[in-house]
1. Does at least one position in segment 330-346 carry a residue that is more than 24 Å from Ala236 (Cα to Cα), polar (S, T, N, Q) and modelled with pLDDT of 90 or more?
2. If you check Arg342, Arg352, which single one turns out to be in contact (Cβ under 8 Å) with a residue 24 or more places away in the chain, basic (Lys, Arg) and more than 23 Å from Ala278 (Cβ to Cβ)?
3. Residue by residue through segment 163-206, note down the ones that are hydroxyl-bearing (Ser, Thr, Tyr) and more than 11 Å from the ligand (Cβ to nearest atom).
4. Pull up segment 64-79, narrow it to residues that are over 21 Å from the mean Cα position of the chain (by Cα) and part of a loop (DSSP other than H, G, I, E, B), then point me to the one that is farthest from the ligand (Cβ to nearest atom).
5. Check segment 270-285 and report whether any residue there is in contact with a Gly (Cβ under 7 Å, 6 or more places away or on another chain) and buried (at least 24 other Cβ atoms within 10 Å of the Cβ).
6. Between a residue in segment 376-387 that is touching a residue at least 12 places away in the same chain (Cβ under 8 Å) and any residue that is among the β-branched types (Val, Ile, Thr) and part of a strand (DSSP E or B), which pairs come within a Cβ distance under 6 Å, given they are 6 or more apart or on different chains?
7. Which residues, taken from segment 22-61, are touching a Gly at 6+ places or on another chain (Cβ under 7 Å) and in a loop (DSSP other than H, G, I, E, B)?
Amino acid sequence: MRRPLPAGFLQRLEDIVGGAFVIADAERLLPYGADETPNLRPSLPDVVVRPGSADEAADVVRACAEAKVFITPRGAGTGKSGGCVPIHGGVVLALDRLTRIVDIDQADGTCNVEPGVILETLQQAVADRGMFYPPDPASLASCTLGGNVAENAGGPRALKYGVTSSYVLGLDLVLPTGERLRTGKRTTKGVAGYDLTSLVVGSEGTLAVVTGITLKLLPSPRFVQTALAVFPSSEAAVLGVNAIFGAGVLPRTLEYLDRASIDAVRAMSPPYRFPAGAGAALLVETDGESEAGTLEALSRALEACADAGATDTLLATDSKKQREIWATRRMLSEATKRIKGRKVSEDIVVPRSKIPEMVARTGALGDKHDLLTCSFGHAGDGNLHTQILFDSDEDLPRVDALLDELFRVVLELGGTITGEHGVGISKKPWLPLELSDEVIALSLRLKHAFDPAGILNPGKVFPEKLALRAAKRDQTT
Ligand SMILES: Cc1cc2nc3c(=O)[nH]c(=O)nc-3n(C[C@H](O)[C@H](O)[C@H](O)COP(=O)(O)OP(=O)(O)OC[C@H]3O[C@@H](n4cnc5c(N)ncnc54)[C@H](O)[C@@H]3O)c2cc1C
């Protein structure tokens with residue numbers, strides 16, 4: 001349901017942001033038709049607009065609202081569910097020029113940033129002042145804070161420190177009607193009124209455009225210790241996950257890698273070499289205020305791993321080794337893609353105690369559909385990046401069948417179909433399996449309250465049929 005742009009609309013956009021920041025020629029539009037979601041059909045916008053300030057962004061949204069032109073917000077395009085792909089054309093509103101860190105306030109433990117700031121840039125800036133911003137998706141060197149807010153991004157440290165929503169105190173928003181407003185607060189506590197900030201966090205760019213973000217910061221932990229526990233098999237490693245919690249340790253990260261993932265990353269000549277013959281591994285990290293306490297917690301975690309069958313435990317003896325281990329961990333997404341050439345990468349979550357069953361049933365589903373699967377990810381959260389590896393389009397019907405059964409197993413075990421990447425386009429068909437009709441209906445009423453004309457990021461999150469039915473009902477009431 002593409003709509004042609006009204007006459008004079010491009011000129012209006014150029015008047016707002018300047019001709020250099022309006023992109024309408026086909027070749028330059030290409031990068032804006034996709035994100036990092038595997039196997040997604042690209043879809044080009046009619047025009048890309050790159051405002052240079054929050055005021056310009058608001059004026060662009062107002063112009064779109066008046067002309068009823070679709071708007072799809074975009075950060076860095078690292079999303080993994082197609083959220084910033086303009087499937088109905090219109091304007092891509094690229095926030096990549098809004099890159100100011102407005103302030104970092106050590107006394108209050110807060111900072112104000114624009115949405116186009118790259119996550120790693122902020123982390124470095126606050127670290128330079130002895131502060132800590134914990135969320136750490138593996139894409140941290142390229143993703144934006146606006147994208148993190150929209151996807152409620154997590155990462156390995158979510159286990160101890162929580163995900164993006166734990167740090168967002170307030171937001172500057174432009175509603176798809178063109179109205180501007182500020183939600184939330186600058187303090188870590190505050191319960192006045194509905195928590196609209198939390199509603200917008202994780203709404204995948206469907207409720208409002210974020211033009212300013214107030215974040216909570218923590219003091220940097222003084223000591224961090226990292227180790228690898230090597231297991232003969234996946235079965236033993238996933239038992240190790242629960243053994244660590246059984247020993248009363250809350251690591252700051254607890255990452256799982258199966259044999260195929262380890263072998264795949266080894267083929268990329270990574271900075272850290274996993275031990276030969278590792279059947280699976282857990283990457284365990286603890287942090288704290290004293291070196292002895294941090295080491296003691298790590299030792300207890302590793303003892304628990306040994307009791308669960310770990311054959312080797314390797315301590316990262318210095319910060320260089322720690323950096324090498326994490327750089328290697330961040331290569332897993334690309335490395336597993338190279339195993340077969342094509343893959344689907346999921347981010348399922350199950351209660352921790354169900355990880356062994358989930359891993360076993362994923363393997364069985366792979367056998368049933370004659371497809372190779374492997375898993376790595378944030379096992380401490382029960383969040384596994386299950387990879388389905390395949391060669392060509394011919395395999396896609398079997399991939400879809402496997403996915404459908406995988407999500408049903410996840411829900412049967414009390415989990416969720418997406419822990420980090422969002423629903424976007426790619427998980428829309430399965431959303432009604434997880435959410436009740438009542439929850440979907442209320443969500444669509446909220447969407448209508450924010451976006452009565454339905455112009456912001458259309459076609460995302462909710463299956464089209466349900467969204468259309470709700471829109472018709474809204475028109476008749
Ligand atoms: C290699 C790799 C590893 C990854 N690892 C992780 C991980 O560990 N954890 C994790 O959570 N994610 C991970 N991701 C997914 C992705 O990086 C995150 O979802 C990230 O938050 C997206 O940020 P972005 O700037 O690229 O947003 P985009 O992809 O550009 O957009 C994502 C969504 O946010 C919306 N959006 C963007 N900016 C705004 C704004 N200012 N206002 C309103 N809506 C907006 C878009 O419309 C879209 O719906 C990974 C991705 C890759 C490629």
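The values are calculated or read from the model by the stated rules, or taken from the named source; none is laboratory data. What you see is a predicted model; the values in this text were computed from it and never measured. Glycine gets a Cβ as well: all are built from the backbone with ideal geometry, and neighbour counts include every protein chain shown.
1. No, every residue in segment 330-346 fails to be more than 24 Å from Ala236 (Cα to Cα), polar (S, T, N, Q) and modelled with pLDDT of 90 or more.
2. Details: Arg352 fails: more than 23 Å from Ala278 (Cβ to Cβ).
Going through Arg342, Arg352 in turn, just one is in contact (Cβ under 8 Å) with a residue 24 or more places away in the chain, basic (Lys, Arg) and more than 23 Å from Ala278 (Cβ to Cβ): Arg342.
3. First, the residues of segment 163-206 that are hydroxyl-bearing (Ser, Thr, Tyr): 164-167, 177, 183, 187-188, 194, 197-198, 203, 206.
If the condition is that a residue be hydroxyl-bearing (Ser, Thr, Tyr) and more than 11 Å from the ligand (Cβ to nearest atom), then Ser165, Ser166, Tyr167, Thr177, Thr183, Thr187, Thr188, Tyr194, Thr197, Ser198 are the ones that fit.
4. Out of the qualifying residues, it is Lys68.
5. Checked against the condition, which is being in contact with a Gly (Cβ under 7 Å, 6 or more places away or on another chain) and buried (at least 24 other Cβ atoms within 10 Å of the Cβ), segment 270-285 yields at least one hit.
6. Gly382/Val349; Asn383/Val349; Leu384/Ile348; Thr386/Ile348
7. Correct list: Asp35, Glu36, Thr37, Leu40, Pro42, Ser43, Leu44, Pro45, Asp46.
Rundown of residues vs (1) on the phi < 0 side of the Ramachandran plot; (2) within 15 Å of the ligand (Cβ to nearest atom); (3) among the charged types (D, E, K, R), yes/no style:
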position: Val61; (1), (2), (3): yes, yes, no
position: Val92; (1), (2), (3): yes, yes, no
position: Asp96; (1), (2), (3): yes, yes, yes
position: Asp128; (1), (2), (3): yes, no, yes
position: Pro137; (1), (2), (3): yes, yes, no
